[in-house]
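What follows is a single structure, written as structure tokens, with notes after it.
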Amino acid sequence: MNTNTPWTEWLWRFLRVFLGAVFLYASIDKIIYPDRFAFAISNYRILPGDLVNFVAVWLPWLEVTVGVFLIFGLFEWASLTLYNMVMLIFLAAIAINLARGVNISCGCFSLDPNAEKMSWLTFMRDLGLLVPGLGAYILLVRRRPPPFLEKPSR
Amino acid sequence: MKRKEAVIRFSALSVCLVLFLSFSSHAGPVRVGVLVHLTGDLSEFGQMQRKSMMIALENIRKREADSISIVPVFRDTPADPGKVRAVVNDLVSTKGVSIITAGMTSTTAWVAASQAQSLGIPFLICTASADKITEQGWKYVFRLNPPFSEYGNAMLWFLSEIARPKTVAILREEGFSGLLSSDNLSERCQKSGYEIVLNYLYKKDTKDFEPVLNKIKKKNPDVIAMGAFLNSAVRLIRQCRELRVTPRIFMGLGGGFTLPQFGELCGNAADFVCSITIWHPSVPYPGGRQYYDTYLERYHCHPDYHGAEAYAAMQVVADVLERTPSLDPEDIRASLLATDMTTIIGRVKFVSYGNKMQQNRLPTYLLQWEGGRMSLVWPPDLASRKYVYPFPGWKRRPAEQE
Amino acid sequence: MESSAPGAWIFRQFQDILIIMGFSLALAVSANTIRHDPLPWVAERRLLEPGDRFPYFPLASSEIPEFRDYLGLPPDKEIITVADIQADLLVVEILNVFCFPCQTQALTLNRVWKIIEHRPDLKGKIKIIGIALGNTKEMVRDFSTDYGLSFPVFSDADARSEKIIGPGIHTPFSLYIRRDGSGRLTVVAGTHSGVIEDPGLLLKTLTRLLPEEERPASDIRNGEAGSR
């Protein structure tokens, strides 16, 4: 049973469209330039070589799918969870390389090789995109609660 | 009639004169000056070079019965560079040599080359490695052997293309005059992005390397580069085995690591130790193995690259003298410039590049011990077997022999 | 009525996640097949061949400041790619500065460079760069000085060439890159593994690969075979 008030319902719709749009926007460069994206992934030096290609080809389309599903409100729980998982992975990869002191571009939204190198600001920015994603769970629980959390109707 | 007879006589005389002049330049043996260190500290190498050149001449005569007759005029090169000029002058003015070849230290070769240049006599260096010798624009000076800056190339090539180490430890013996004696190698390692975790100079008679090897073990470098004479080389490797020092590669630089005695004394502790060299009997150029076997049989001693370079120098000299139209220095120089042949140390062609002029280019080689034998493992197109990298450790060996 | 057990609900969400991932994977595979591009990173597990698109290979223009004009690079770009270079045909030589055959090849390229720069019908059309596999920029600098090279050599300390050009690359390895329809250097017109000692022979190979309208008049007059 949806227990959102009208304004929290609108907030939920706004958030899922916003987060979906973020992912759609992020996927554009990656789909146009898969080789640059693969290069950017390899720069992180986390994935083994064979997986770099696979992730470079698949990840942008995962972003597109999750983005579209969020915008149209399909598979809400799964889409939101995937959004947050992907953002957490990005954040972890950025944190690892900032700790290593590696001077690379994030590759998150732009694959221009002359783009600014990532910094803790990049980390904060992505954290700023994760927080609403995690916060949206509160609204989603109220909107579409899991059956075991629903109060039985009298 | 009288006029006709006079014309015939004059023509005949002219023909005879022309024939005489054209053949007289090659009539008789050609004297070739040879400067080597026949006495003193370096006499071991000088004598090796003298013997190697004589073997070369024998082989040339055997192969081509009508080859030009070469008479080598050996002169002991004084250690004092000040006396070197006089020796060069003597060879040219008194002995009438047409070309000089030299197996000398860089210090003495520098003086001799400049003297040959000022006398305008072709001068072929076969040992001295100081880069600057072929950077002076001396048009009469040619060098067969690579310059010092290129000696380490085989090792640096292997490291940069295959091993890609991050850290290097260097151990150098006092008095060692090889690649590690200068800072050239450590500088190149640093420029290549390798961190030098240790750069240690030890005394000649050091017997116990445990303290420094334990330090190295803690730092766990990818490469251990050692510049050592035979006795230290053997001690180092044995103690590395006892202490289980295990880098990804052992690089032995210097004669100690390429002598057969190293393999005999270390047993299979020597396995997979690498070394670099300018020449080894296993390099696949024609005549090299035969030279090595002849020398060993005749003199009961293994010739090294000094001897091979001297042998090759005589091959080049003979080839040049066969081709030169006359013994005029300019003709001999032009023939040297046109040289393109394969000797026992490889292809010889004098080229100019960068600051260098009339410098032959030769690869250096990476050798690796296995089963008591050294094999050429790099460059790959000349290798007799594949390299073993990384060092597989001390455990997996057959029963060790002492 | 749906089961209210948490486990069951979580399992359903997990299924939904898998569905989304599977769907996106199907999209990715279809898109890649339609594009008909080789996979971007390890180029289909083979060396680049004529006809391939030269992949993304970023190079640092700060390593070769004295060659910016020669290559016609935009002044504001630090990271450039081959496509940013102004030429009709580009020789990309993958080499290692300590590799003996590569040093020989570099000397040949030097001679070819000199010939090209002295020929008005070729100057500006054919250009040469080197990429030093496994070498740092300090070593590349020393190499360029020691060998008196007239063309720029970039460092590739991380040995990206092996992944980008293809596995099993043996230096020296030459690629000849030609302009595509949009005028950018993207098409691999030819490759060669090993040393070419004769500068005349190499130059002949290069002029044959030039676009027809850029080839020297003497080549066309002599009825040389058309470019690929």
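Residues checked against (1) part of a helix (DSSP H, G or I); (2) in contact (Cβ under 8 Å) with a residue 60 or more places away in the chain; (3) touching a Pro at 6+ places or on another chain (Cβ under 8 Å):
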site	(1), (2), (3)
C:Arg46	no, yes, yes
C:Glu49	no, yes, no
C:Arg68	yes, no, yes
C:Gln86	no, no, no
C:Leu90	no, yes, no
C:Gln105	yes, yes, yes
C:Ile115	yes, yes, yes
C:Arg119	no, yes, yes
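Considering only the range B:39-58, state which residues are in contact with a helix residue (DSSP H, G or I) (Cβ under 9 Å, 6 or more places away or on another chain) and over 16 Å from B:Glu309 (Cβ atoms).
B:Thr39, B:Gly40, B:Glu58
Provide a single number: the residues in the range A:105-117 that are in a loop (DSSP other than H, G, I, E, B), within 14 Å of chain C (Cβ to nearest Cβ) and farther than 16 Å from A:Leu47 by Cα.
7
Answer with yes or no whether B:Ser192 is surrounded by 18 or more Cβ atoms within 10 Å (Cβ to Cβ), free of Cβ contacts under 8 Å to residues at least 40 places away in the same chain and under 30 Å from B:Thr107 (Cβ atoms).
yes
Specify which of the listed residues (C:Pro40, C:Pro6) is modelled with pLDDT under 85 and crowded, with 18+ Cβ neighbours inside 10 Å.
The unique qualifying residue is C:Pro40.
Looking at (1) in a loop (DSSP other than H, G, I, E, B); (2) within 14 Å of another protein chain (Cβ to nearest Cβ); (3) surrounded by fewer than 16 Cβ atoms within 10 Å (Cβ to Cβ), which one does B:Pro165 not meet, given that it meets all the others?
Failing condition for B:Pro165: (3).
Checking A:Val102 against (1) part of a loop (DSSP other than H, G, I, E, B); (2) over 21 Å from C:Ala159 (Cα atoms); (3) touching a Lys or Arg at 6+ places or on another chain (Cβ under 9 Å), which single condition isn't satisfied?
(2)
So if I check each of B:Leu171, B:Leu230, B:Leu213, which one is away from every other protein chain (no Cβ under 14 Å), modelled with pLDDT of 95 or more and surrounded by 16 or more Cβ atoms within 10 Å (Cβ to Cβ)?
Just a single option satisfies the conditions, and that option is B:Leu213.
Take the range B:42-66 and flag every residue that is in contact with a His (Cβ under 8 Å, 6 or more places away or on another chain) and free of Cβ contacts under 8 Å to residues at least 40 places away in the same chain.
Listed by number, the list holds a single entry, B:Ser43.
Does at least one position in the range A:95-113 carry a residue that is among the small types (Gly, Ala, Ser), free of Cβ contacts under 8 Å to residues at least 40 places away in the same chain, exposed (fewer than 15 other Cβ atoms within 10 Å of the Cβ) and closer than 20 Å to A:Leu24 by Cα?
Within the range A:95-113, not a single residue is among the small types (Gly, Ala, Ser), free of Cβ contacts under 8 Å to residues at least 40 places away in the same chain, exposed (fewer than 15 other Cβ atoms within 10 Å of the Cβ) and closer than 20 Å to A:Leu24 by Cα.
Scan B:Tyr387, B:Tyr311 and give me the residue that is touching a residue at least 24 places away in the same chain (Cβ under 8 Å), within 30 Å of C:Thr108 (Cβ to Cβ), not small (Gly, Ala, Ser) and not assigned by TED's automatic domain parsing to the domain that holds B:Ala113.
Unique residue meeting the criteria: B:Tyr387.
Filter the range C:89-98 down to the residues that are farther than 18 Å from C:Asp158 by Cα and either among the β-branched types (Val, Ile, Thr) or touching a Gly at 6+ places or on another chain (Cβ under 8 Å) (or both) and list them by number.
C:Val91
Identify all residues within the range B:7-44 that are of a type in the set (S, T, N, Q) and at pLDDT below 85; write none if there are none.
The answer is B:Ser11, B:Ser14, B:Ser22, B:Ser24, B:Ser25.
Go through (1) of a type in the set (Gly, Ala, Ser); (2) closer than 30 Å to C:Asp84 by Cβ; (3) modelled with pLDDT of 85 or more for A:Gly135 and report which single condition fails.
With (1) of a type in the set (Gly, Ala, Ser); (2) closer than 30 Å to C:Asp84 by Cβ; (3) modelled with pLDDT of 85 or more applied to A:Gly135, the lone miss is (2).
Can you name the number of the only condition in (1) over 17 Å from C:Leu71 (Cβ atoms); (2) more than 14 Å from chain B (Cβ to nearest Cβ); (3) surrounded by 23 or more Cβ atoms within 10 Å (Cβ to Cβ); (4) not charged (D, E, K, R) that C:Cys99 fails?
(2)
Does A:Val86 qualify as being surrounded by 17 or more Cβ atoms within 10 Å (Cβ to Cβ), assigned to a helix (DSSP H, G or I), among the β-branched types (Val, Ile, Thr) and within 12 Å of chain C (Cβ to nearest Cβ)?
Yes: the conditions hold for A:Val86.
Being farther than 19 Å from A:Phe90 by Cα and within 12 Å of chain C (Cβ to nearest Cβ) is the filter here; which residues of the range A:3-32 pass it?
A:Ile32, the sole residue that qualifies.
Which of the residues belonging to the range C:137-190 are hydroxyl-bearing (Ser, Thr, Tyr), within 14 Å of chain B (Cβ to nearest Cβ) and under 22 Å from B:Ser160 (Cα atoms)?
Residues satisfying the conditions are C:Ser144, C:Thr145, C:Tyr147, C:Ser155, C:Ser161, C:Thr171.
Please pick out the residue among C:Leu48, C:Leu107 that is over 22 Å from A:Asp112 (Cβ atoms) and outside the structural domain of C:Thr191 (by TED's automatic domain parsing).
Being over 22 Å from A:Asp112 (Cβ atoms) and outside the structural domain of C:Thr191 (by TED's automatic domain parsing) holds for just one of C:Leu48, C:Leu107, which is C:Leu48.
Do we find that B:Arg61 is at pLDDT 75 or above, in a strand (DSSP E or B), among the basic types (Lys, Arg) and assigned by TED's automatic domain parsing to the domain that holds B:His302 in this structure?
The answer is no for B:Arg61.
Among what's in the range C:102-118 and is under 20 Å from C:Ile177 (Cβ atoms) and more than 14 Å from chain B (Cβ to nearest Cβ), pick the residue that is surrounded by the most Cβ atoms within 10 Å (Cβ to Cβ).
For the range C:102-118, the residue satisfying everything is C:Val112.
Please work out which residue is nearest to B:Thr134 (Cα to Cα), limiting yourself to the range B:50-109 and to residues that are hydroxyl-bearing (Ser, Thr, Tyr) and surrounded by fewer than 16 Cβ atoms within 10 Å (Cβ to Cβ).
B:Thr107
Do we find a residue being under 16 Å from the mean Cα position of the chain (by Cα) and either under 15 Å from A:Gly133 (Cβ atoms) or more than 9 Å from chain C (Cβ to nearest Cβ) (or both) anywhere in the range A:37-56?
yes
The values are calculated or read from the model by the stated rules, or taken from the named source; none is laboratory data. A quick note: this is a predicted structure, and the numbers were derived from the prediction, not measured. Note that each Cβ is placed from the backbone with ideal geometry, even for glycine, and that neighbours are counted across all protein chains shown.
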